[in-house]
Amino acid sequence: MKLLGFSLIAFFSISSWLQASRAEKTSQPVSSSSAWNEEIVNAPLKHSFLKVDNKEIFRRVIQARLFHQGSWTLPGSSQTPLSIGRSLASLHPTFLTGLVRVQDYGGITNADVEAFKAVRSVVLTENRECLFDMVVNAGDESFGSVFIEHLKQINAKVRPDAWTFLVRPNDKNVNALVLAKGVAYAHSCGQLVGFEGPLSLIPEGVDFIVIRAWDFKVSKTKLASIRAKYEVPLIVEIPTSFGKSKQPEVISYFKNESGVDRSEVISRLAVDQSSFGYRFAYPLIYPIDPVGHSFDATKDLILFVTIRALMVKFN
């Protein structure tokens, strides 16, 4: 996104650039809500606008990461977007998250667009109500105008139903105005916005919040506290790699655990959905390892059958 920022800024004079910098750059962390409340008032999209209750939207959530920062996540596999789309369609999702994690620098690729459209077309033949998000890094951007332009360029090629704004776990100083403007722009387009990142940085107005089950566990007390404050759906996802870091749970999930072990992990998180007050994102093509490859649950027969059974019983 920074490279995109530079290409856009090249069209303006130095004085305009400085003016935009003073207007949009802030040294305050996003946790200081006063940084944007005086200029932008954000609120989640209303049920009347969405035409469906958000409880139904997030009733059956599935994760499938096909492209990660411009690269296909299943190298050497016989899988294609169409074959994965058929597997996804058979599970009748209501919300499909993470198909594409857009590159940090540069625009969305043609391969990203083609895969997204192919999977969406197949899934919608089975469930016309399923919604699809796209994951974008919102933590690195310094200028709200550049971030909005990035979203507009993606929308011009493939219009997702929702965005998940990603802020990496270790990012602490994030431009509040970038997130606020991103939420406002998405809502003006009728698109949902989710936030995944440090819980202290959740912006106002998001429609759902992503929580990572680090060590494959979640805190019922913490979830209740977040839900009481924001009153939006909480989506729990299993751990994944960020950058080149080697997250122990992810390495174990990929290499050391059997289908039975993985099924036990998924089952615990699925069973706790109702009593803990969240929706679990079933990882079909997920998580991501440090080199950007996905775990393919369709190739683990025990795990795939378990996911199907859990969704029937609990979702």
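The values are calculated or read from the model by the stated rules, or taken from the named source; none is laboratory data. Predicted, not measured: the structure shown is a model, and the values here were computed from it. Quick reminder, even Gly has a Cβ in these numbers, built from the backbone with ideal geometry, and neighbours come from all protein chains shown.
The table that follows gives values for the structure above.
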item	result
Which numbered condition residue 172 misses (of (1) surrounded by fewer than 20 Cβ atoms within 10 Å (Cβ to Cβ); (2) touching a residue at least 24 places away in the same chain (Cβ under 8 Å); (3) not in a loop (DSSP other than H, G, I, E, B))	(3)
The stretch 132-153, residues that are within 19 Å of residue 201 (Cα to Cα) and either crowded, with 22+ Cβ neighbours inside 10 Å or under 11 Å from the mean Cα position of the chain (by Cα) (or both)	135, 136, 137, 138, 139, 141, 143, 144, 147
Members of the stretch 176-206 found to be farther than 17 Å from residue 281 by Cβ, in contact (Cβ under 8 Å) with a residue 40 or more places away in the chain and not in a loop (DSSP other than H, G, I, E, B), listed by number	176, 177, 178, 179, 180, 181, 182, 183, 184, 187, 200, 201
Every residue from the stretch 269-300 that is in contact with a Phe, Trp or Tyr (Cβ under 9 Å, 6 or more places away or on another chain) and in a helix (DSSP H, G or I)	269, 270, 271, 273, 274, 297, 298
Tabulated pairs, the stretch 113-131, first in a helix (DSSP H, G or I), second modelled with pLDDT under 95 and β-branched (Val, Ile, Thr), C-beta under 9 angstrom, 6+ apart or interchain	116/108
Residue within the stretch 40-48 that is touching a strand residue (DSSP E or B) at 6+ places or on another chain (Cβ under 9 Å), surrounded by 13 or more Cβ atoms within 10 Å (Cβ to Cβ), under 20 Å from residue 281 (Cβ atoms) and at pLDDT 95 or above present	no
Residue list for the stretch 95-112, filter: part of a helix (DSSP H, G or I) and farther than 22 Å from residue 168 by Cα	110, 111
Filter result for the condition that a residue is under 25 Å from residue 165 (Cβ atoms), free of Cβ contacts under 8 Å to residues at least 40 places away in the same chain and under 14 Å from the mean Cα position of the chain (by Cα), over 226, 209	209
In the stretch 214-268, the residues that are among the β-branched types (Val, Ile, Thr) and either touching a strand residue (DSSP E or B) at 6+ places or on another chain (Cβ under 8 Å) or in a loop (DSSP other than H, G, I, E, B) (or both)	218, 226, 232, 235, 236, 238, 240, 250, 266
Test: residue in the stretch 243-252 that is modelled with pLDDT of 95 or more, surrounded by 18 or more Cβ atoms within 10 Å (Cβ to Cβ) and out of contact with any Ser or Thr (no Cβ under 8 Å at 6 or more places or on another chain)	no
Those residues of the stretch 209-221 which are more than 28 Å from residue 291 (Cα to Cα) and surrounded by 12 or more Cβ atoms within 10 Å (Cβ to Cβ), in sequence order	219, 220
Residue within the stretch 301-312 that is of a type in the set (A, V, I, L, M, F, W, C) and assigned to a loop (DSSP other than H, G, I, E, B) present	no
